[in-house]
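So that we are looking at the same thing, I have put the structure below in C-alpha cells.
The values are calculated or read from the model by the stated rules, or taken from the named source; none is laboratory data. Given the structure is predicted, the values throughout are model-derived calculations rather than measurements. Note that each Cβ is placed from the backbone with ideal geometry, even for glycine, and that neighbours are counted across all protein chains shown.
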Amino acid sequence: MTVSLAISPKASAVLLALGMVATVGGALGFEHIGGYIPCALCLVQRDPYYYGIPVALAAALSAFFGGPAWLTRGLLTVAGVMMLVGAGLGVYHAGVEWGFWEGPATCATSAQGVTMNAEDLLADLNDKHGPSCTEASFRFLGLSFAGWNVIASLILAAVAFNGARARKA
C-alpha cells in the first residue's frame, strides 16, 4: 500500500502563498509586536519570501483562471527554488549563530535604538545598527528563528515542487 501526498497545482499554489505570507508575517509580527530587532542576516532571509509571494500568487492565478499547465508548474518551480535559497540562507545564519563559521562584516555587535528626535534621525540611521548576527535573540526547542526558517522554507519548497510535478490542474 502506498500513500500519495500529491496535491493539485491549484491547491499547492494557494498553500504556498498562504504559507509564505504566514512565515514572513510571523517574522514581522515578532519584530513589531514582540519587540525583536532583526539582524542583517534576518532581514536577508526575508527576501525569498518577498520575491516568492508574488510568484506563488501568479501560480495560483494561472491555475484558477485556466492558464497553461506549463506556466503554473513553472511558477511553482521558481517559487520552490526561492524557498530552497531561503533554506540555504537560514542554514548559513544558523551556522553563524552556532559559531560554525563567521558572519558577514556588516553584522553589528550590539543593538541600539534610533532616536525619536527628528533632527538627529539621519545621523542616527548612519550610526545605529541592529543586533549581532552571531547571537540568537530567541530559541524554541533549541532552534533560533534562523533554524525555524530552514524548516519552514523546506516545507514550502516541498509544497511547491509537489504542485509542480502534479499532472492535474
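Check whether at least one residue in the range 23-36 is outside any helix (DSSP H, G or I), surrounded by 16 or more Cβ atoms within 10 Å (Cβ to Cβ) and modelled with pLDDT under 90, and report yes or no. Give the steps one after another, and end with the answer.
Start the filter on the range 23-36 by keeping residues that are outside any helix (DSSP H, G or I), which leaves 33-36.
Within this subset, residues satisfying the condition of being surrounded by 16 or more Cβ atoms within 10 Å (Cβ to Cβ) are 36.
Filter once more, keeping what is modelled with pLDDT under 90: 36.
Yes; the residues of the range 23-36 include at least one that is outside any helix (DSSP H, G or I), surrounded by 16 or more Cβ atoms within 10 Å (Cβ to Cβ) and modelled with pLDDT under 90.
Can you tell me which condition Tyr51 does not meet? The list is (1) surrounded by fewer than 17 Cβ atoms within 10 Å (Cβ to Cβ); (2) within 19 Å of Asn162 (Cα to Cα); (3) in contact with a helix residue (DSSP H, G or I) (Cβ under 7 Å, 6 or more places away or on another chain), and all the others hold.
Tyr51 satisfies all of (1) surrounded by fewer than 17 Cβ atoms within 10 Å (Cβ to Cβ); (2) within 19 Å of Asn162 (Cα to Cα); (3) in contact with a helix residue (DSSP H, G or I) (Cβ under 7 Å, 6 or more places away or on another chain) except (2).
Can you work out which of the residues in the range 74-91 that are buried (at least 18 other Cβ atoms within 10 Å of the Cβ) and modelled with pLDDT under 90 is nearest to Ser144 (Cα to Cα)?
Gly90
Which of the residues that make up the range 3-22 are outside any helix (DSSP H, G or I) and touching a residue at least 24 places away in the same chain (Cβ under 8 Å)? Before you say what the answer is, go through the steps one by one.
So in the range 3-22, the residues outside any helix (DSSP H, G or I) come out as 3-8.
Result: Leu5, Ala6, Ile7, Ser8.
Sort through Ala94, Ala60, Ala69 and tell me the only one that's modelled with pLDDT under 90 and over 15 Å from Asn149 (Cα atoms).
On the way: Ala94 fails: over 15 Å from Asn149 (Cα atoms); Ala60 fails: modelled with pLDDT under 90.
Sole residue among the options that is modelled with pLDDT under 90 and over 15 Å from Asn149 (Cα atoms): Ala69.
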